[in-house]
Amino acid sequence: MQYRRLGSTGLQLSALSFGAWVTFGQQVGRKQARELLSLAWDRGINFFDNAETYNHGEAEQLMGDVLVDLRLPRDSYCVSSKVFFGAVEHPRPTQRGLSRKHVVEACHQALQRLRVDYLDLYFCHRPDPDTPVAETVAAMDLLVRQGKVLYWGTSEWPAAAIHEAHRVAREGGYAAPVAEQPQYNLLHRERVEVEYAPLYAAYGMGTTIWSPLASGLLSGKYDHGVPEDSRLAQPGYEWLREIALGEGGARAARVRGLRPLAAELGATPAQLAIAWCLANPQVSTVLLGASRREQLEQNLAVLDLLPHFDLALKQRIERVVEGGAG
Ligand SMILES: NC(=O)c1ccc[n+]([C@@H]2O[C@H](COP(=O)([O-])OP(=O)(O)OC[C@H]3O[C@@H](n4cnc5c(N)ncnc54)[C@H](OP(=O)(O)O)[C@@H]3O)[C@@H](O)[C@H]2O)c1
């Protein structure tokens, strides 16, 4: 495993990390969750990502049970939660958002579900138009001072709101956000590469990027339709199916050229897509998702591909996805 600093912090995260969205509590039960977390940890993954909203708290509950079960030394891994959407299916106004009340209560609930004394990372899952940024920054600072949160960050905040959070933190002497958690993959690049470009140097922010495979699309598994047991066939995720495949399957068509290129290198399309994310130096860690062991094994093997990953290959991959010849 490779380790990278989270932005300018001293926290060394594994370059590949592991998250629970969709899978834990829906596709993956206790036995499989144990197998996946155990494999991840054995291979050097030291960051497990979660959120209050993932399967309405069940994903955190399951991860917490498994972390206790595996008896992993608490100082050997990092675990996160995210606050905003709420953990219950129909949250009341105080059960969601980024008010001081919900940020603090959601943290306490996440600690209970995950069965830990502190969160290594705590993210604001989206910006909250109904709460002043200053209130959220102060709430995060409170949790940091109480030792319940070690580092905090944002997820999918517009750059302007992140600037504002840093201004408030600087002027008030508060703990500032140290990382963003944005979507980043071959089909979704703008925010990480353009919008956030000024943030890295200005604030030393790191990134824990999500959906490196665009929900599995970049593995090529949707090249010939939607397999029954796949994410895009999951009940409740019809909205995601439309976004992931694109109108008339346009996004699915864009990734078909990755397979021959991957075959040429003795790799899989998923490995190429993940290696491409890792090649961006602003990426602190690539959050992997997996519904089964073989996927995680395959994705972890991307580390063997990295020594062969140069600018020419990166550009070939980009040309294929942009519709040109590789
Ligand atoms: N902050 C946010 O707003 C946000 C949003 C989304 C995710 N996240 C975090 O980021 C993590 C990763 O995101 P993601 O799960 O969307 O990542 P992803 O890598 O884009 O998708 C993972 C899914 O793709 C399929 N897959 C993975 N490897 C494969 C392989 N080698 N071959 C074929 N299929 C493969 C599996 O789904 P199936 O087997 O079910 O098809 C797996 O669950 C999440 O768990 C979560 O922690 C954060």
Report summary line: the chain: longest segment with zero exposed trypsin sites (Lys or Arg not before Pro), where exposed means DSSP loop plus at most 16 other C-beta atoms within 10 Å, is residues 116-188
Query raised in the report: HN-Hα J couplings of segment 49-65 from phi, Karplus 6.51/-1.76/1.60, θ = phi - 60°, integer Hz, Gly and Pro as x?
Result: 9, 8, 7, 4, 7, 5, 6, 6, x, 5, 5, 5, 4, 5, 4, x, 4
Report task. Only Lys, Arg, Asp and Glu count, each charged at its Cβ (+1, +1, -1, -1), so figure out the dipole size of segment 146-217 about its Cα centre, rounded to 20 debye. Result -> 180 debye
Report summary line: P(r) over all Cα-Cα pairs of segment 261-325, 10 Å bins from 0 to the longest distance, whole percent per bin, short to long, reads 19, 54, 25, 1
**Report entry** DSSP beta bridges in the chain [antiparallel fraction, %, rounded to 5]
**Finding:** 15 percent
Query raised in the report: GNM on the chain, C-alpha springs below 10 Å: top fluctuator among Leu306, Leu111, Leu213?
Result: Leu306
Query raised in the report: Normalised by the residues of the chain, what does the relative contact order come to in percent, with Cα pairs under 8 Å and at least six apart?
Result: 18 percent
Query raised in the report: Ranked by Cβ crowding within 10 angstrom, fewest neighbours first, how are Asp128, Asp65, Asp304, Asp117 ordered?
Result: Asp117, Asp304, Asp65, Asp128
Query raised in the report: Can you tell which of Leu121, Thr154, Leu213 lies farthest toward the positive end of the dipole of the chain, using +1 and -1 charges on the Cβ of basic and acidic side chains (Lys, Arg; Asp, Glu)?
Result: Leu121
Report summary line: Scan of the chain for GluC sites (Glu not before Pro) in DSSP loops with at most 13 other beta-carbon atoms within 10 Å gives a longest site-free stretch of 90-227
**Report entry** Convex hull (Cα only) mean projected area of the chain, reported in nm² to one decimal
**Finding:** 15.8 nm²
Query - Cα gyration tensor of segment 129-224 - equivalent ellipsoid semi-axes, whole Å, descending - result: 30, 15, 11
Query - Unit charges on C-beta of K, R, D, E only; dipole of segment 155-273, Debye - result: 220 debye
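Coordinate-derived values only; no laboratory data. No experiment lies behind these values; they were computed from the predicted model shown. Positions of Cβ are generated from backbone atoms using ideal geometry, with glycine treated the same way; all protein chains shown enter the neighbour counts.
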